[in-house]
Amino acid sequence: MSTPDCLFCRIVAGEIPATVVRETPTTLAFRDIDPKAPVHVLVVTKEHYADVATLGQGDPALAGELLATAAAVAGDEGLLGDGFRLMFNTGGYGGQEVFHVHAHLLGGAPLGPMLARSMA
Ligand code: 5GP
Ligand code: ZN
């Protein structure tokens, strides 16, 4: 189900332009508007789920399709040899800003430590 006020639902609907790099019947991958790495692609489900927890519990098969699309884009972008990072920001502490599930696929250069701060 599409949520009219949701930015990524509007991109899926074609109402807001995006640079799409891969589309499947259930998923869409497009370039982040403010890239944090040489390759920064967002992979979303076409159906609206607020976050990866909701998706993973509500439709695990669809979560797998999202991962398959992310892996295919990683291959298309030449990231499989040197590696990449796949990230789901979730909720307030996770720094999520758009509440439509999306994986950040990041690569093309060394990405540094997993987090800006360590616990030490
Ligand atoms: P979050 O912080 O929710 O994990 O990530 C949201 C991401 O969406 C950010 O990296 C941001 O740059 C990206 N973004 C925000 N608005 C747009 C937009 O209109 N188009 C595209 N392609 N990306 C967007
Ligand atoms: Zn949505």
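A short reminder: the numbers here are calculations on the coordinates, not readings from a lab. Just so it is clear, the model here is predicted, and its values are computed rather than measured. Please note: Cβ atoms are built from the backbone with ideal geometry, for glycine as well, and neighbour counts cover all protein chains shown.
For the reader, a short list of remarks on this structure follows.
- Stretch in the chain that is longest and holds no GluC sites (Glu not before Pro) that DSSP places in a loop and that have at most 11 other beta carbons within 10 Å: 16-96
- Amide H contacts of Thr27 (H built 1.01 Å from N, in plane; Pro and chain starts excluded): Lys46 sit under 5 Å, all sequence-distant by 5 or more or on other chains.
- Scalar couplings 3J(HN,Hα) for the stretch 106-120, obtained by applying the Karplus form with A = 6.51, B = -1.76, C = 1.60 to θ = phi - 60°, are 10, x, x, 6, x, 9, x, x, 4, 10, 5, 10, 10, 7, 6 Hz; x denotes Gly and Pro.
- Loop trypsin sites (Lys or Arg not before Pro), the stretch 1-99, which have at most 12 other Cβ atoms in a 10 Å radius of their Cβ (DSSP): Lys36
- For the chain, calculated [θ]222 nm from helices alone, where every DSSP H run of n ≥ 4 adds -39500 (n - 2.57): -8000 deg cm²/dmol
- The tail of the calculated P(r) for the stretch 65-120 beyond 16 Å holds 52 percent of all Cα-Cα pairs.
- Simple label model, 7 Å out from Cα along Cβ direction - Ile16 to Thr54, nm: 1.6
- Taking every C-alpha pair closer than 8 Å and separated by at least 6 residues, the mean separation divided by the residue count of the chain gives a relative contact order of 29 percent.
- J(HN,Hα) series, the stretch 42-59, from Karplus relation 6.51 cos²θ - 1.76 cosθ + 1.60, nearest Hz, glycine and proline x: 9, 10, 10, 7, 5, 6, 7, 10, 5, 7, 6, 5, 5, 5, x, 7, x, 7
- Gained length - Asp34 relative to Leu86, 0.36 nm times residue gap less alpha-carbon distance: 17.1 nm
- Size of the chain: Rg and Dmax of its alpha carbons, in Å, are 14.1, 46.
- If you run the Gaussian network model on the chain, springs between alpha carbon atoms under 10 Å, then out of Asp32, Asp51, Asp76 the most flexible one is Asp76.
- Hypothetical label at Cys6: residues of the stretch 54-81 whose amide nitrogen lies under 19 Å (7 Å Cα-Cβ projection): 54-70
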